[in-house]
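What follows is a set of notes on a single structure, which appears directly below.
Values in this text are rule-based calculations from the coordinates and carry no lab data. It should be emphasised that the depicted structure is a prediction, and the values quoted were computed from it without experimental measurement. Glycine also receives a Cβ, built like all others from the backbone with ideal geometry; neighbour counts cover every protein chain displayed.
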Amino acid sequence: MRGTIKDNNYDRGSSSSSALEFLLGQLYSIWLREFKVFLREKSRLVASTFTPLLWLFVLGSGIGSTTTATTSPAVHADIDYQRFIFPGIVCMSVIFSSVFYGSYIIWDRKFDFLKSVMVAPVSRAAVFTGKTFGGMTNSLVQASILLVVGAAIGVQFTVVSLIQTVIVILLFSFALTSLGLALGSYMQSLEGFQMIVSFVVLPLFFLSGALFPLNNLPLWLSILTKIDPATYAVDAVRNALFGLASQPFIIDITVLLSFTIGLGSFGVFSFARMKAV
């Protein structure tokens, strides 16, 4: 009798372990495919890195040369304007790479790759999660390049600040990759996707406080910044790197985590309703 009970418990534990290994294998396969596609498109990496660098050096140096600690609240005693906007530029890279990542759903649908994945014994939630992890990895690679550039312009990193920055990047990229995949699941043409995304990406960036401090804003602008998830990502990275923030780091992370869960749930729901053709 005891032997039978032990055997049943062992079978349950073995089946649970096998199911977990199968799920992890599914996620890894989808993630690996997405990451290999990213590595093969070197022009995409160069182009997506060039735009943030252009903003950082041209805008940062141009406006920075006309601002001083007495003329702009964005400039502090030890932080010039270029370094002040650096956290926003890092988040800008995540915004553009993550949201536009949803366009790959449309390409996969056109080349029937999505159909072959959907008929496989893999849940749509697993497909969505694997693709989201792929988008997160792509964003992290691009953000890492900017972090190296940041060290070159005088941004000082500590182990704690670097870990905090990476956590923010991963959460933020998961949220926006989920949003991009959700939007892509509803679109049939790449042109339509790009048009819709333009109305999402630019407000996310410009309302985030990436280019200006969040204090002393007009009421209408302050309200818009508070409902922008990018605001909390920029604020958290700026807090981690410089100790400058409009609110504590833990509050930024909590709000950003809430956005991540919400957009992730929306992405899973949208993916479940998506047609493979």
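Annotations for the structure displayed:
- Neighbour net charge for LEU256 - beta-carbon separation under 12 angstrom, K R +1, D E -1: -3
- Label sites at PHE269 and VAL160, each approximated as a point 7 angstrom past Cα along Cα to Cβ, lie 3.9 nm apart.
- Cα gyration tensor category, rounded, prolate or oblate, for the range 137-251 with a/c compared to 1.5: oblate
- Other residues whose C-beta falls under 15 angstrom from the C-beta of SER98 contribute a net charge of 0, scoring Lys and Arg +1 and Asp and Glu -1.
- Alpha-carbon centroid distance for the pair the range 133-150 / the range 169-183, whole angstrom: 14
- Among 162-171, 234-243, sorting by the average number of other beta carbon atoms lying within 10 angstrom of each residue, highest first, gives 234-243, 162-171.
- In nm, spacing of pseudo-spin labels at SER29 and ILE167 (7 Å Cα→C-beta vector): 3.4
- Highest mean first, the peptides 138-147, 179-188, 250-259 sorted by other C-beta atoms within 10 Å per residue fall in the order 179-188, 138-147, 250-259.
- Two-site label geometry, ALA151 and GLN247: point separation in nm, points 7 Å out along Cα→Cβ: 3.2
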